[in-house]
1. Restricting to segment 20-43, what's the tally of residues that are surrounded by fewer than 15 Cβ atoms within 10 Å (Cβ to Cβ) and under 16 Å from LYS134 (Cα atoms)?
2. Can you tell me which residue within segment 65-82, out of those that are open to solvent by 50 Å² or more (accessible area, probe 1.4 Å) and assigned to a strand (DSSP E or B), is farthest from ARG46 (Cα to Cα)?
3. Out of curiosity, is GLN95 open to solvent by 50 Å² or more (accessible area, probe 1.4 Å) and under 30 Å from GLY202 (Cβ atoms)?
4. Report every pair of residues separated by at least 6 positions or lying on different chains whose Cβ atoms are under 6 Å apart, first residue within segment 157-182 and modelled with pLDDT under 95 and assigned to a loop (DSSP other than H, G, I, E, B), second open to solvent by 70 Å² or more (accessible area, probe 1.4 Å) and of a type in the set (A, V, I, L, M).
5. Is it the case that some residue within segment 8-25 is hydrophobic (A, V, I, L, M, F, W, C) and either under 30 Å from VAL166 (Cβ atoms) or part of a loop (DSSP other than H, G, I, E, B) (or both)?
Amino acid sequence: MQQFFADPSMIREGRVYLEGPDVNHMKNVLRMKQGEDVRINDGCGRTWLCSIQSYEGKTAVLDILKELDADTELPARIWLFQGLPKGDKMELIVQKAVELGAYAVVPFSAKRSVVRLDQKKAEKKRERWQAVSKGAAEQSGRGIIPEVHPLKSFNEALDMAADLDVTLIPYEREEGMDGMIRAVRKIRPGQSAGIFIGPEGGFEEEEVRKAIEKGALPVSLGKRILRTETAGLAMLSILMYHLECESHIL
């Protein structure tokens, strides 16, 4: 079933008054008719089953049928700190990270980042990435729209991660999976965790050393070298499996 996000101010007196680009998508792209059911989420974790009542200009009026018990969020908040990649790779990374349950995405510039963005271009990119996050959240039935933060420096990203319970940094020179297993087991439901992924050229040793000094745990992703657009998604998949299993056991 199609899901849309609505600002809480659009939800009142048993109805949803949906506005914005989603109305055009609903009416003219999906060609949804009166009486069809949709899911509406307020972006704060509450979801309702609704029925399209009418289209009034640029507003879609929906009747709320019932509130749904839609528990689709991971039991821990996972922050993906992503070294700025080339081209359109960031769009793919954001899309798949949201599908896999990331709580937030923080792009950052590393020493080996090829792309350099000024403030204006960086903000324009962020707006596009945020739109990708919204679309992925709707498609995957998320209870929130994960925030894509403004572009940070590596040091700024490390400072942001300092408040998290656990921070992991996959590094190709780290050997064996024992460290990965121990690090992942440190992340428990109710906690927060960060994943640091380098750009195409990877991290410089100095950056890894600085991250470790700040409390990050270096881990291996196995015997193969993964691309930047693969590494973060592999980590998120591992954490998703771990957390869902932990939550089920508890």
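1. Residues that pass the stated criteria total 2.
2. Top of the filtered list is ARG77.
3. Yes, satisfied.
4. Between residues of segment 157-182 that are modelled with pLDDT under 95 and assigned to a loop (DSSP other than H, G, I, E, B) and residues that are open to solvent by 70 Å² or more (accessible area, probe 1.4 Å) and of a type in the set (A, V, I, L, M), the close pairs are GLU172/ILE225.
5. Within segment 8-25 (the criterion being hydrophobic (A, V, I, L, M, F, W, C) and either under 30 Å from VAL166 (Cβ atoms) or part of a loop (DSSP other than H, G, I, E, B) (or both)), the answer is no, since none of the residues qualifies.
For every residue, the table says whether it meets (1) of a type in the set (Asp, Glu); (2) over 15 Å from LEU84 (Cβ atoms); (3) assigned to a loop (DSSP other than H, G, I, E, B); (4) open to solvent by 60 Å² or more (accessible area, probe 1.4 Å).
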residue	(1), (2), (3), (4)
LEU117	no, no, yes, no
ALA122	no, no, no, no
GLN130	no, yes, no, no
GLY135	no, yes, no, no
GLN139	no, yes, no, yes
ARG142	no, yes, yes, no
ILE145	no, yes, yes, no
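The values are calculated or read from the model by the stated rules, or taken from the named source; none is laboratory data. This one's a predicted model, so the numbers in the text were calculated from it and none came from an experiment. Virtual Cβ from ideal backbone geometry, glycine too; neighbours counted across all protein chains shown. The accessibility values were calculated without ligands, DNA or RNA, using every heavy atom of the protein model including side chains. Shrake-Rupley method; radii C 1.70, N 1.55, O 1.52, S 1.80 Å.
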